[in-house]
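Visitor: Sharing a structure, written as structure tokens. Questions coming.
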Amino acid sequence: MRKKIALIGGGQIGQILAMLAAQKEMGDIVILDIPELENPAKGKALDLMEMAPHGNYDANITATSDYKDIAGADVVIITAGRPRQAGMTREDLLAINLQIITTVANGVKQYAPKAFCIIVTNPLDAMVYAFYKITGFPKGQVAGMAGTLDTARWRAFIAMELNVSVCDVAGTVLGGHGPDMVPLPRLTTVGGVPLTEIATKEQIDKLALRTREAGTEIVKLFGKGSAFFSPAWSAIVMAESYLKDKRRILPCAALCEGEYGVQGLFIGVPAMISGRGVEKIYEIKLTEDENALLQKTVAGVTKTCEETKL
Ligand code: A3D
């Protein structure tokens, strides 16, 4: 029997998620949106069914506004919520998206209580925390997609700057999904060569700053809405690691219970995603400076999570 993937939110990211999941034949796909947008979501689902003959994939793609239709989903990816507009911070979305995540969490809890849940809605670290608190799901069943994207951006900017293949750039970005996130140049390599040996300090500082501001750079260019291609791919990578038990180590918002000195918060850390969900968090021995930067982002995430009052 095919796996079932529920996409809560059929907007910009949701529609790309549906396309990628179909092309990768990850399973049957249900897109859930609000009743007012059920028909547009159904249109997207039908359009993707009609793309299948040339896309060469088999998947049933449907859309709904009724949580009953996500019953038994293996993976749930949540993008329901408002995106940023130019001039907004992610935290400006807290109140409205907290309401939306509350509805979503209750629906998922009732109809897909065994699903591996990937949250994408911003402000990411607080929304994944809220989803976890409301559902009461085991911690390994819930993860936030942010570090996977932040690291992709870091790798992309390095490849662009050094004019090398992005495939050879490896590294990680820790912390919350905001301007205080922590790219780790010391642990970044290009084909095995340390980044710190082939790029100047000025270049590295510029790349780190661009990574921290990457979401805002795109929001400014769009004028309306936020990035959608790269966030969708990043969530798909996480879902695939779960569905295929790939055991990939991906930076994502995982519940820390003492790791990195963080207690009870979802923070971007390298985590292994296996068929059991977030199976393991890897703790990196950070330098004093790196740890100071991490604790700064943790303070920001703590404040936003406190505002959820959960
Ligand atoms: P958008 O195109 O507006 O799609 C959101 C969809 O959610 C819309 O179709 C809404 O109708 C739908 N929706 C709203 N309320 C509900 C509800 N209660 N139940 C079901 N669906 C609902 O936004 P988008 O797809 O561009 O972005 C979605 C979210 O992802 C936003 O909060 C963004 O800020 C966030 N985002 C996060 C990242 C990260 O890296 C973490 C990157 C980019 C965007």
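Visitor: Distances longer than 16 Å among the Cα atoms of the stretch 58-111: what percent of all pairs is that?
Guide: Roughly 52 percent, rounded to a whole number.
Visitor: Taking Rh as the Kirkwood radius, which is the inverse of the mean 1/r over Cα pairs, what is the Rg/Rh value for the stretch 4-145?
Guide: Details: Rg = 14.6 Å, Rh = 15.1 Å.
Computed over Cα atoms, the ratio is 0.97.
Visitor: Next up: Using the eigenvalues of the Cα gyration tensor, what equivalent ellipsoid semi-axes result for the stretch 153-310 when each is taken as the square root of five times the eigenvalue, whole Å, largest first?
Guide: Over the Cα atoms of the stretch 153-310, the semi-axes work out to 24, 19, 19 Å.
Visitor: Accessible area per residue of the chain at 1.4 Å probe, in Å²?
Guide: 45 Å²
Visitor: A follow-up question, please. What is the antiparallel percent of DSSP beta bridges lying wholly in the chain, to the nearest 5?
Guide: The antiparallel fraction comes to roughly 50 percent.
Visitor: Per residue, how big is the convex hull of the stretch 169-243 when only Cα atoms are used? Give it in Å³.
Guide: 120 Å³
Visitor: Among Leu293, Tyr57, Ile158, whose Cα projects farthest towards the positive end of the dipole of the chain, with charges put on the beta-carbon of Lys, Arg (+1) and Asp, Glu (-1)?
Guide: Tyr57
Visitor: Here's a follow-up. Please work out, to two decimal places, the log10 of the ratio I(q)/I(0) at q = 0.16 Å⁻¹ from a Debye calculation in which every Cα of the chain carries one identical scatterer.
Guide: Rounded to two decimals, the profile gives -1.35.
Visitor: Mean residue ellipticity at 222 nm from the helices of the chain, using -39,500 (n - 2.57) per DSSP H segment of n ≥ 4 over the full residue count, to the nearest 500 deg cm²/dmol?
Guide: Using -39500 (n - 2.57) per qualifying helix, the result is -14000 deg cm²/dmol.
Visitor: Next up: Along its three principal axes, how long is the stretch 189-228 when you only count alpha carbons? Whole Å, largest extent first please.
Guide: Its Cα atoms span 39, 20, 11 Å along the three principal axes.
Visitor: Something else about it: Given R₀ = 30 Å, FRET efficiency for Ile96-Leu209 by Cβ-Cβ distance, to 0.05? Write out the running numbers ahead of the final one.
Guide: On the way: r = 29 Å, r/R0 = 0.97.
With R0 = 30 Å, the Cβ-Cβ based efficiency is 0.55.
Visitor: Please report, in whole Å, how far the alpha carbons of the stretch 216-256 spread along each principal axis, starting with the longest.
Guide: 39, 24, 11
Visitor: What whole-number value in cubic angstrom gives the convex hull volume per residue for the C-alpha atoms of the stretch 84-223? Intermediate values should be presented prior to the final figure.
Guide: Values: hull volume 17.6 nm³, N = 140.
Output value, Cα hull per residue: 126 Å³.
Visitor: Within the accessible area of the stretch 147-306, what % is carbon and sulfur when the probe is 1.4 Å and the other protein chains stay in place?
Guide: Values: 4110 of 7520 Å².
Reported share for carbon and sulfur atoms: 55 percent.
The values are calculated or read from the model by the stated rules, or taken from the named source; none is laboratory data. These numbers come from a predicted model, not from an experiment. So basically every Cβ, Gly included, is an ideal-geometry build from the backbone, and we count neighbours across all protein chains shown. Ligands, DNA and RNA are excluded from the accessible area calculation, which covers all protein heavy atoms including side chains. Shrake-Rupley method; radii C 1.70, N 1.55, O 1.52, S 1.80 Å.
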